[in-house]
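Quick notes on the structure that follows.
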Amino acid sequence: MQFTSFLQDGRLTIALTGEIDHHRARSYIDRIRSKIEAYTPEECILDFSEVTFVDSSGIAVVINSMRFMAQIEGKLTLTGIGEQPMKVFKTSGIDKLVQIREAV
(Lines give C-alpha, C1' and ligand atoms only; values in the text may rest on other atoms or scores of the structure.)
Protein backbone atom coordinates (compact mmCIF):
# COMPACT_ATOMS: atom_id res chain seq x y z
CA MET A 1 0.00 0.00 0.00
CA GLN A 2 1.35 3.35 -1.06
CA PHE A 3 0.05 6.54 0.49
CA THR A 4 0.97 10.08 -0.49
CA SER A 5 -0.42 13.35 0.75
CA PHE A 6 0.17 17.08 0.54
CA LEU A 7 -1.30 20.20 2.08
CA GLN A 8 -1.93 23.32 0.00
CA ASP A 9 -4.13 26.33 0.77
CA GLY A 10 -5.95 24.56 3.61
CA ARG A 11 -6.67 21.48 1.48
CA LEU A 12 -5.20 18.14 2.39
CA THR A 13 -5.03 15.83 -0.61
CA ILE A 14 -4.47 12.15 0.09
CA ALA A 15 -3.76 9.88 -2.86
CA LEU A 16 -4.82 6.30 -2.25
CA THR A 17 -3.54 3.39 -4.34
CA GLY A 18 -4.21 -0.25 -5.10
CA GLU A 19 -7.03 -2.25 -3.57
CA ILE A 20 -8.93 -1.04 -0.53
CA ASP A 21 -10.20 -4.20 1.10
CA HIS A 22 -10.40 -5.54 4.66
CA HIS A 23 -6.64 -6.19 4.65
CA ARG A 24 -5.76 -2.53 4.04
CA ALA A 25 -8.71 -0.50 5.28
CA ARG A 26 -7.64 -0.22 8.94
CA SER A 27 -4.22 1.07 7.90
CA TYR A 28 -5.79 3.65 5.57
CA ILE A 29 -8.23 4.78 8.27
CA ASP A 30 -5.45 5.19 10.84
CA ARG A 31 -3.15 7.06 8.45
CA ILE A 32 -5.89 9.37 7.19
CA ARG A 33 -6.90 10.18 10.78
CA SER A 34 -3.27 10.93 11.62
CA LYS A 35 -2.92 13.34 8.69
CA ILE A 36 -6.20 15.10 9.46
CA GLU A 37 -5.25 15.50 13.13
CA ALA A 38 -1.79 16.80 12.20
CA TYR A 39 -2.93 19.37 9.63
CA THR A 40 -6.57 20.17 10.58
CA PRO A 41 -7.44 21.09 6.98
CA GLU A 42 -10.55 22.94 5.87
CA GLU A 43 -11.03 20.26 3.23
CA CYS A 44 -9.70 16.75 2.82
CA ILE A 45 -9.63 15.35 -0.70
CA LEU A 46 -9.32 11.59 -1.09
CA ASP A 47 -7.92 10.92 -4.55
CA PHE A 48 -8.96 7.49 -5.84
CA SER A 49 -7.24 7.82 -9.25
CA GLU A 50 -4.90 4.91 -8.54
CA VAL A 51 -7.40 2.73 -6.67
CA THR A 52 -8.29 -0.41 -8.60
CA PHE A 53 -10.80 -2.03 -6.23
CA VAL A 54 -12.94 -1.23 -3.19
CA ASP A 55 -15.36 -3.33 -1.19
CA SER A 56 -17.36 -2.47 1.91
CA SER A 57 -14.08 -1.73 3.67
CA GLY A 58 -13.55 1.13 1.23
CA ILE A 59 -16.89 2.50 2.35
CA ALA A 60 -15.60 2.35 5.94
CA VAL A 61 -12.55 4.38 4.90
CA VAL A 62 -14.79 7.10 3.47
CA ILE A 63 -17.25 7.10 6.41
CA ASN A 64 -14.44 7.34 8.95
CA SER A 65 -12.79 10.14 6.96
CA MET A 66 -16.13 12.00 6.96
CA ARG A 67 -16.31 11.63 10.74
CA PHE A 68 -12.74 12.87 11.23
CA MET A 69 -13.45 15.93 9.09
CA ALA A 70 -16.78 16.59 10.85
CA GLN A 71 -14.94 16.68 14.18
CA ILE A 72 -12.88 19.63 12.94
CA GLU A 73 -15.81 21.16 11.00
CA GLY A 74 -14.18 20.49 7.65
CA LYS A 75 -15.46 18.87 4.50
CA LEU A 76 -14.52 15.71 2.65
CA THR A 77 -14.34 15.41 -1.14
CA LEU A 78 -13.69 12.33 -3.25
CA THR A 79 -12.06 12.57 -6.66
CA GLY A 80 -10.68 10.39 -9.44
CA ILE A 81 -13.02 7.49 -8.78
CA GLY A 82 -12.87 4.66 -11.29
CA GLU A 83 -15.75 2.55 -12.55
CA GLN A 84 -15.63 -0.27 -9.98
CA PRO A 85 -15.23 1.94 -6.90
CA MET A 86 -17.96 4.28 -8.19
CA LYS A 87 -20.41 1.36 -8.47
CA VAL A 88 -19.72 0.45 -4.84
CA PHE A 89 -20.11 4.06 -3.68
CA LYS A 90 -23.35 4.59 -5.59
CA THR A 91 -24.80 1.30 -4.39
CA SER A 92 -24.00 2.22 -0.79
CA GLY A 93 -25.28 5.79 -1.10
CA ILE A 94 -21.91 7.38 -0.30
CA ASP A 95 -22.38 9.60 -3.36
CA LYS A 96 -25.33 11.21 -1.53
CA LEU A 97 -23.29 11.94 1.62
CA VAL A 98 -20.04 13.32 0.26
CA GLN A 99 -19.08 15.51 -2.68
CA ILE A 100 -17.60 13.57 -5.60
CA ARG A 101 -15.85 15.46 -8.37
CA GLU A 102 -13.93 14.67 -11.50
CA ALA A 103 -10.19 14.23 -11.23
CA VAL A 104 -8.31 17.50 -11.60
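The condition (being among the β-branched types (Val, Ile, Thr), open to solvent by less than 60 Å² (accessible area, probe 1.4 Å) and either assigned to a strand (DSSP E or B) or over 15 Å from Leu97 (Cβ atoms) (or both)) is satisfied by just one residue among Ile63, Ile45: Ile45. Quick check on region 22-34. Is at least one of its residues modelled with pLDDT of 95 or more, within 11 Å of the chain's Cα centre (by Cα) and either among the acidic types (Asp, Glu) or on the phi > 0 side of the Ramachandran plot (or both)? The answer is no, given that none of the residues of region 22-34 is modelled with pLDDT of 95 or more, within 11 Å of the chain's Cα centre (by Cα) and either among the acidic types (Asp, Glu) or on the phi > 0 side of the Ramachandran plot (or both). For Gly93, the conditions (1) on the phi > 0 side of the Ramachandran plot; (2) surrounded by 13 or more Cβ atoms within 10 Å (Cβ to Cβ) are fulfilled apart from (2). The set of residues in region 7-21 being farther than 19 Å from Ile81 by Cα and either among the hydroxyl-bearing types (Ser, Thr, Tyr) or open to solvent by 30 Å² or more (accessible area, probe 1.4 Å) (or both) consists of Leu7, Gln8, Asp9. Thr79 - would you say it is modelled with pLDDT of 95 or more, crowded, with 17+ Cβ neighbours inside 10 Å and of a type in the set (Ser, Thr, Tyr)? For Thr79, the condition - modelled with pLDDT of 95 or more, crowded, with 17+ Cβ neighbours inside 10 Å and of a type in the set (Ser, Thr, Tyr) - is met.
Only a single criterion out of (1) at pLDDT below 95; (2) in contact with a Gly (Cβ under 6 Å, 6 or more places away or on another chain) is not satisfied by Asp47, namely (1). Tallying residues that are open to solvent by 40 Å² or more (accessible area, probe 1.4 Å) and either without any contact (Cβ under 8 Å) to a residue 12 or more places away in the chain or part of a helix (DSSP H, G or I) (or both) within region 48-60 yields 1.
Hey, could you check region 66-104 for residues that are charged (D, E, K, R) and part of a loop (DSSP other than H, G, I, E, B) and say which is nearest to Arg24 (Cα to Cα)? Working first, answer last.
We begin by selecting, within region 66-104, every residue charged (D, E, K, R); these are 67, 73, 75, 83, 87, 90, 95-96, 101-102.
From what's left, part of a loop (DSSP other than H, G, I, E, B): 73, 102.
Details: Glu73: 27, Glu102: 25 Å.
Once the filter is applied, the top-ranked residue is Glu102.
Going by the structure shown, is Leu16 modelled with pLDDT of 95 or more and closer than 17 Å to Lys96 by Cβ?
Values: modelled with pLDDT of 95 or more: yes; closer than 17 Å to Lys96 by Cβ: no.
Considered against the rule, which asks whether it is modelled with pLDDT of 95 or more and closer than 17 Å to Lys96 by Cβ, Leu16 comes out as no.
If only residues of region 22-42 that are open to solvent by 70 Å² or more (accessible area, probe 1.4 Å) and out of contact with any Ser or Thr (no Cβ under 9 Å at 6 or more places or on another chain) are counted, the one that is nearest to Gly82 (Cα to Cα) is Glu42.
The values are calculated or read from the model by the stated rules, or taken from the named source; none is laboratory data. In this text the structure is predicted, and so the values were computed from the model without any measurement. Counting neighbours? That spans all protein chains shown, and the Cβs are built from the backbone with ideal geometry, glycine included. We work out accessible area using only protein heavy atoms, side chains counted, and drop any ligands, DNA or RNA first. Shrake-Rupley method; radii C 1.70, N 1.55, O 1.52, S 1.80 Å.
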